[in-house]
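One structure follows; several queries about it will come next.
The values are calculated or read from the model by the stated rules, or taken from the named source; none is laboratory data. Only a predicted model underlies this, so the values are computations on that prediction, with no experimental measurement involved. Because the Cβ atoms are built from the backbone with ideal geometry, glycine has one as well, and the counts that use them run over all protein chains shown.
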Amino acid sequence: MITMSVLLMLFVGLWLAVALVGAVFKLTFALVGGLFHLVGAVLGLVFGGLALLIVAPIVALAVLPFCLPVILLVAVIWAIARSSHRTPTPAPANVAH
């Protein structure tokens with residue numbers, strides 16, 4: 001019976017030691033994977049931003065013919081509204097002492 005207990009404790013101890021080694025490996029690979037994930041995300045943001053800086057003006061120029069009538073209409077309305085406003089004449093200051 002004592003031999004069986006010793007063998008069981010040895011087996012459980014070995015099992016726990018191997019589980020601890022596995023947990024250390026899992027934690028290590030999770031940290032390394034998280035680091036690679038962060039580096040990949042930063043590189044994706046940088047290269048995505050550069051691609052957006054390159055592509056956005058081209059897309060804006062490609063869409064300009066569709067937006068031009070609306071832009072001209074807004075400009076005409078703004079010019080009419082601006083020209084209809086009179087500049088107020090300043091009232092003379094009352095300087096009675």
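If you check VAL70, VAL55, VAL95, which single one turns out to be at pLDDT 95 or above and either outside any helix (DSSP H, G or I) or of a type in the set (Val, Ile, Thr) (or both)?
Working: VAL70 fails: at pLDDT 95 or above; VAL95 fails: at pLDDT 95 or above.
Sole residue among the options that is at pLDDT 95 or above and either outside any helix (DSSP H, G or I) or of a type in the set (Val, Ile, Thr) (or both): VAL55.
Check the range 10-26 and report whether any residue there is at pLDDT 95 or above, surrounded by 10 or more Cβ atoms within 10 Å (Cβ to Cβ), assigned to a helix (DSSP H, G or I) and under 31 Å from the mean Cα position of the chain (by Cα).
Yes, the range 10-26 contains a residue that is at pLDDT 95 or above, surrounded by 10 or more Cβ atoms within 10 Å (Cβ to Cβ), assigned to a helix (DSSP H, G or I) and under 31 Å from the mean Cα position of the chain (by Cα).
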